[in-house]
Structure formats: C-alpha cells, structure tokens
Amino acid sequence: MTRKTLNGNAKVEGIGLHTGEKSVVWLHPADAGTGILFRVSNAQGEAEIPALVPFVAETRRRVVLRKGGVAVQTVEHLLATCFGMGVTDLIVEVQGIELPVGDGSAQIWVETFKDAGITDLGKPAHVFVPQKVTVEQGEAVVAVEPNEAFSAQYVFVTEHPLVGVQVASFDFKANDFEKDIAPARTFGFWEEVQPLWEQGLAKGGSLENAVVIFPDHYSVPLRFPNELARHKLLDLMGDLMLLGVRLQGKVHARSSGHTHHFQLCQILWQRVEQEARA
C-alpha cells in the first residue's frame, strides 16, 4: 500500500446535519506523512486539528475533533471516504463548525474526490496489523483480529418489525466502496427525532438528507435492502481512520456506535504508538 492524496483542490459547501449551519470546505493535496489534517476557522477561533485519536472530543451521534477551544464535527463520512478510497494525506480547510451532510451518505465526498483525482505519492503507507481486541458494552460489540487484509462486518439489530436484523460486509477484494458503501444514508427512528432536537442535535436533518424509519414505512425508498447496516459500516470505517494507519485486520461489529468504535481505537492507538516508537 502506498500513500495517496488528491490531485487538485476541491470545494464543498452545504449545511451540517446536527447544527443546521452552513459551512464551506476546501480540500487540498498534501505531502506524504501529513495525514488527514483539518484547518478550521469558525467563531471559536482557528486551529489545525489532526484527524487522530488524541483529538477526538466527543462521539455522541457523531465524531467531534477539538484542539484547544476550536472544534469541528461530523467528520466521519469524509474520513470513511478517505479510508475507502485510500487517501492517506489531505488538508481539509473548514470554514464553519460542521462538515456538510450532503444527502446523508458519503457520496458528496466520493464525487469530490473523483472530480479532483487521486494521485499516488510513491511512499509506503503505515500498515498496522492489530492483535485481537474486543470491546463490549451491553448488546454492543466491536472486535478486531489480525488478518491478511482489511475486512469488516456490521450486524444491525433492532426489534423494529420493519427493520429486524441487517448485515453488511466489506473488503477491498470483493467490494467497491464507491458503489457498495458510500451511497448508504444516515438514518433515524421517528421516535428518536424529538429527543435529538432536545439534545441540540439533528437540527439540519430532513427527509432530503436522512432515512427516517416510521412505525410502518421508510420516509424514502431504500437504496439497498440493508442500507442501515451499510451506513453503520460506513461510520465504522470513518472511525477506524482515526488511527492514522492502514488497518490490516478483520473487524466485527454488532449494535455498536461511534463511542464503542472509539473505545476500540483508543486501545489500538496505544499499540500504534508503541510500534512507532520501537
């Protein structure tokens, strides 16, 4: 595996899913070794924030990165696109507090990456082979074990009669991130919407950028029969990008969210750091 970046600059703008506020994002090519670096400018100030485990400030319903008093949120779909399309080095200039949600999937970022082009930097990427680690909390489980290549499976379990159990899998040999994972949209159950608003979240959510699950129907036709599980897998891949390495492991997740994935990443991060010092 080699390091990759974009071939040119690109611009994306839109509203954030949780804040409902408009933001503008410029993507710039970066030198090998830069990693994914957010250059953030908003009412809180200005900061350069690496998309790495130590800079994660919150994982409730989305991933928030913070350095000092400056934060940027809902970075997981962009990071998942970096993971799925092999981009290891990128400067993400953000004017605002949250990345644009697009249609609730990662397609806005995939299309932007394709338009800008992806170029090989000619230097090897840091490949990390994990030891076996499991994080469990109630019904939620996320585990990783060493593997010859990256693969992941997500099992979404709910008692909702319309959804039941959905399973989604991904590996780079059998699947295409652009076609199989990126189009899967964020979702929420109708009964969750009001509580999210009360928590100050999902202010930018609408029927145009999220799948809403009502008691007896979906707000829009699904793009895949297992679209909910595919989106959870998309989120998982974005969270794993916070390790700053190309993960060579087999991941299994069940009923897990950003918080559980981050707990796994915290454990793995210690080992990534140990390996870097060795």
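For region 169-188, residues that are among the basic types (Lys, Arg) and crowded, with 18+ Cβ neighbours inside 10 Å total 1. So in region 205-218, with the set limited to residues that are under 21 Å from the mean Cα position of the chain (by Cα) and in a strand (DSSP E or B), which one is modelled with the lowest pLDDT? Here the answer is Val212. Among residues belonging to region 191-204 that are of a type in the set (D, E, K, R) and not in a loop (DSSP other than H, G, I, E, B), point out the one that is surrounded by the fewest Cβ atoms within 10 Å (Cβ to Cβ). In this case the residue turns out to be Glu198. Looking across Ser151, Ser105, one residue alone is surrounded by 18 or more Cβ atoms within 10 Å (Cβ to Cβ), outside the structural domain of Gly69 (by TED's automatic domain parsing) and of a type in the set (Gly, Ala, Ser). It is Ser151.
Only one of the numbered conditions (1) touching an Asp or Glu at 6+ places or on another chain (Cβ under 6 Å); (2) among the basic types (Lys, Arg); (3) surrounded by 21 or more Cβ atoms within 10 Å (Cβ to Cβ) is not met by Lys250, and that is (3).
Taken over region 1-18, the criterion of being surrounded by fewer than 20 Cβ atoms within 10 Å (Cβ to Cβ) and part of a loop (DSSP other than H, G, I, E, B) is satisfied by Met1, Asn7, Gly8, Asn9.
State yes or no: is Met237 buried (at least 16 other Cβ atoms within 10 Å of the Cβ), touching a Cys at 6+ places or on another chain (Cβ under 6 Å), within 22 Å of Asp89 (Cβ to Cβ) and not charged (D, E, K, R)? Taking the combined requirement at face value, the residue does not satisfy it.
Checked across region 172-188, the condition of being of a type in the set (Lys, Arg), within 16 Å of Phe83 (Cβ to Cβ), at pLDDT 95 or above and outside any strand (DSSP E or B) holds for at least one residue. Checking each residue of region 239-255 against the condition of being touching a residue at least 12 places away in the same chain (Cβ under 8 Å), β-branched (Val, Ile, Thr) and not in a loop (DSSP other than H, G, I, E, B) gives at least one match. If you check Leu207 against the conditions, is it crowded, with 21+ Cβ neighbours inside 10 Å and of a type outside the set (Asp, Glu)? Against the criterion (crowded, with 21+ Cβ neighbours inside 10 Å and of a type outside the set (Asp, Glu)), Leu207 does not qualify. Just so you know, in region 113-127 the residues that are surrounded by fewer than 18 Cβ atoms within 10 Å (Cβ to Cβ) and among the hydrophobic types (A, V, I, L, M, F, W, C) include one that is nearest to Val220 (Cα to Cα), and it is Ile118. Only one entry in Val94, Val110, Val144, Val165 is hydrophobic (A, V, I, L, M, F, W, C), crowded, with 17+ Cβ neighbours inside 10 Å and not assigned by TED's automatic domain parsing to the domain that holds Gly16, namely Val144.
The residue pairs whose first member lies in region 121-134 and is within 16 Å of Pro29 (Cβ to Cβ), whose second member is buried (at least 16 other Cβ atoms within 10 Å of the Cβ) and among the acidic types (Asp, Glu), and whose beta carbons are closer than 9 Å, counting only pairs six or more residues apart or on different chains, are Leu121/Asp89. If Arg62 satisfies every condition in (1) under 26 Å from Gln199 (Cα atoms); (2) part of a strand (DSSP E or B) but one, which is the exception? Failing condition for Arg62: (2). Against the numbered list (1) surrounded by 13 or more Cβ atoms within 10 Å (Cβ to Cβ); (2) free of Cβ contacts under 8 Å to residues at least 12 places away in the same chain, Pro221 comes up short only at (1). The set of residues in region 130-141 being surrounded by fewer than 18 Cβ atoms within 10 Å (Cβ to Cβ) and not charged (D, E, K, R) consists of Gln131, Val133, Thr134, Gln137, Gly138, Ala140, Val141.
The values are calculated or read from the model by the stated rules, or taken from the named source; none is laboratory data. Quantities reported herein were computed from a predicted structural model and do not represent experimental measurements. Backbone-built Cβ (ideal geometry, glycine too); neighbour counts: all protein chains shown.
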